[in-house]
Amino acid sequence: MHNHGKPLTRSPKLIRTLLTALIAGFALATFAASPAVADEVGTDEYNFIFSGNVTYQGNPLEDVLIIVEGGGYSAEVETGADGRWRVGVPTKDVYDITLVESTLPEGVIVSDEGSDRITLTDRGATIEAEFGLTGNKTVNFFLGQGERVTVPFIDQFIERLVNGLNFGLMLALASIGLSLIYGTTGISNFAHAEMVTFGAVITLTFGVHLAFPMWIAIPLAVVLSGLFGWFQDVGLWKPLRRRGLSIVQMMIVSIGLSLMLRYVYQFFYGGSTHQLPNPGSARIDGLGPIVISPTSLISMGVAIVVIVLVAYWLTYTRTGKATRAISDNASLAAATGIDVDRVVRIIWVLGSSLAGLSGILWAYFRPGIKWDMGWQILLLIFAAVVLGGLGTAYGALVGSIIVGLLVEISTLWIPSDIKYVSALTILIVVLLFRPQGILGRRERIG
């Protein structure tokens, strides 16, 4: 067939028409073959998946915005026509799952009855969630009818202030114990974090697994924590001191002991989070803007009483005065007739008992018990000790209160998953101007 010299051409209009029809047909086939399912983000990329179902009175809610944040990762997803959503995350970490209430139908709000760890803010409702033994975790919000009342800033500030004081007092128990051990031995004991965990897991063992009453399980855990500290000094630290190991070598030993204990806890208790009885989600009414549970109030009271008793012991008893003398100059204290080894052993028992009690209070504050829970706050414990002044128990108390307040109050302006940064920032600022810490003495810095 010949075209008699005329070029063979195709109509551009025809080509555009065919392409449009092809694309439309492909899209129609794709959407027709795919039923309305949950919106998904990152589920193909990551193996750890959060999911949920947003419904109200049995009806699924579409286009509700869910935000997942934690471990430096952030993702947003909207619920599908079936009310479901799924988000993949890179690691097994603690994440904040936030439902943005402005995307709910008018008159529908999130109820705070469904979770012990739900937080209501201007943005919406946030649940702190973490994975168990599997790589999947379901997080659901309970919806109800009502109108969200915006909490004034001053009320939020007072609430964070009380939480910060509670956290600071709990932190002070561990920090004072670590500071006393450092002052008398010079050891920066990284295994102190595992002593915090020890108190919590022993309480879990006796109070939950063996069903002891909690008023027996908690004191028993504190006593066993002290006994564990005694065994550590007798079996490990005193022999190392007699062999003349340097402070750096003993610090490395403490790091190894910390790793060993941490994975022993994981072996026996698993990687999931366990709860103690009566976590204290109920709130005490009639305190105005102060939001606090009976458990938190008891926790603060116990911490204050114990701290006062330790302060009295350090100030007025013979052993307490000997402890302060050893912290100032161990050689001179030994020359005056003080039995240094005996006092050091008492300090190991006392410091370990305080760490165990701190772990129990931390288990209620989180709430929950996990194999690495002490390690999660070890940096804050060290920050409190350094901020207050190395080797001074009173400095550790002051540093802990400052750290606790900063950590909680900072969440008014920064995301909760980076709230520990504020405490470390103030630590750096203070040490730039006062290297010995708030209550430390300059001659101790060498």
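The values are calculated or read from the model by the stated rules, or taken from the named source; none is laboratory data. Predicted model, so just to flag it, every value in this text is computed and none were measured. Cβ placement follows ideal geometry from the backbone for every residue including glycine, while neighbour counts extend to all protein chains displayed.
Yes/no per residue for (1) β-branched (Val, Ile, Thr); (2) touching a strand residue (DSSP E or B) at 6+ places or on another chain (Cβ under 6 Å); (3) over 23 Å from Ala191 (Cβ atoms):
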| residue | (1), (2), (3) |
| --- | --- |
| Gly374 | no, no, no |
| Tyr394 | no, no, yes |
| Thr411 | yes, no, yes |
| Val430 | yes, no, yes |
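Go through Gly207, Gly235 for me and flag whichever is outside any loop (DSSP other than H, G, I, E, B) and either crowded, with 16+ Cβ neighbours inside 10 Å or in contact with a Gly (Cβ under 6 Å, 6 or more places away or on another chain) (or both). Spell out how you get there, then give the answer.
Details: Gly235 fails: either crowded, with 16+ Cβ neighbours inside 10 Å or in contact with a Gly (Cβ under 6 Å, 6 or more places away or on another chain) (or both).
The match here is Gly207.
Based on what the data block shows, is Ala334 farther than 25 Å from Gly207 by Cα and in contact (Cβ under 8 Å) with a residue 24 or more places away in the chain?
Numbers: farther than 25 Å from Gly207 by Cα: yes; in contact (Cβ under 8 Å) with a residue 24 or more places away in the chain: no.
Answer is no for this residue.
Just one of Ile218, Ile290, Ile255 is in the same structural domain as Ile409 (by TED's automatic domain parsing) and either among the small types (Gly, Ala, Ser) or farther than 28 Å from Trp371 by Cβ (or both); which is it? Let's see the steps before the verdict.
Values: Ile218 fails: either among the small types (Gly, Ala, Ser) or farther than 28 Å from Trp371 by Cβ (or both); Ile255 fails: either among the small types (Gly, Ala, Ser) or farther than 28 Å from Trp371 by Cβ (or both).
Selected residue: Ile290, the only one of Ile218, Ile290, Ile255 that is in the same structural domain as Ile409 (by TED's automatic domain parsing) and either among the small types (Gly, Ala, Ser) or farther than 28 Å from Trp371 by Cβ (or both).
Among the residues of region 94-102, is there at least one that is at pLDDT 90 or above, among the polar types (S, T, N, Q) and either in a loop (DSSP other than H, G, I, E, B) or buried (at least 17 other Cβ atoms within 10 Å of the Cβ) (or both)?
Yes, region 94-102 contains a residue that is at pLDDT 90 or above, among the polar types (S, T, N, Q) and either in a loop (DSSP other than H, G, I, E, B) or buried (at least 17 other Cβ atoms within 10 Å of the Cβ) (or both).
Take Ile127 and decide whether it is more than 25 Å from Asn163 (Cβ to Cβ), of a type in the set (Val, Ile, Thr) and either touching a strand residue (DSSP E or B) at 6+ places or on another chain (Cβ under 6 Å) or assigned to a loop (DSSP other than H, G, I, E, B) (or both).
Working: more than 25 Å from Asn163 (Cβ to Cβ): no; of a type in the set (Val, Ile, Thr): yes; either touching a strand residue (DSSP E or B) at 6+ places or on another chain (Cβ under 6 Å) or assigned to a loop (DSSP other than H, G, I, E, B) (or both): yes.
Answer is no for this residue.
Which numbered condition in (1) part of a strand (DSSP E or B); (2) acidic (Asp, Glu); (3) in contact with a helix residue (DSSP H, G or I) (Cβ under 7 Å, 6 or more places away or on another chain) is the only one that Glu76 fails?
(3)
Would you confirm whether or not region 332-342 contains a residue that is buried (at least 19 other Cβ atoms within 10 Å of the Cβ) and either among the basic types (Lys, Arg) or under 20 Å from the mean Cα position of the chain (by Cα) (or both)?
No.
Here is a check on your reading of the model: is Ala363 in the same structural domain as Leu314 (by TED's automatic domain parsing), touching a strand residue (DSSP E or B) at 6+ places or on another chain (Cβ under 6 Å) and assigned to a helix (DSSP H, G or I)?
On the way: in the same structural domain as Leu314 (by TED's automatic domain parsing): yes; touching a strand residue (DSSP E or B) at 6+ places or on another chain (Cβ under 6 Å): yes; assigned to a helix (DSSP H, G or I): yes.
Yes, satisfied.
Could you give me the residue pairs with C-beta distances under 7 Å whose first residue belongs to region 75-88 and is farther than 22 Å from Gly58 by Cβ, whose second residue is among the hydroxyl-bearing types (Ser, Thr, Tyr) and surrounded by fewer than 20 Cβ atoms within 10 Å (Cβ to Cβ) wherever it lies, and which are 6+ apart or on separate chains?
Gly88/Thr43; Gly88/Tyr46
Given Glu113, Glu62, Glu69, Glu40, which one is at pLDDT 85 or above and outside any strand (DSSP E or B)? Don't jump to the end; show me each part of the working.
Values: Glu113 fails: at pLDDT 85 or above; Glu69 fails: outside any strand (DSSP E or B); Glu40 fails: outside any strand (DSSP E or B).
Only one candidate passes the filter, namely Glu62.
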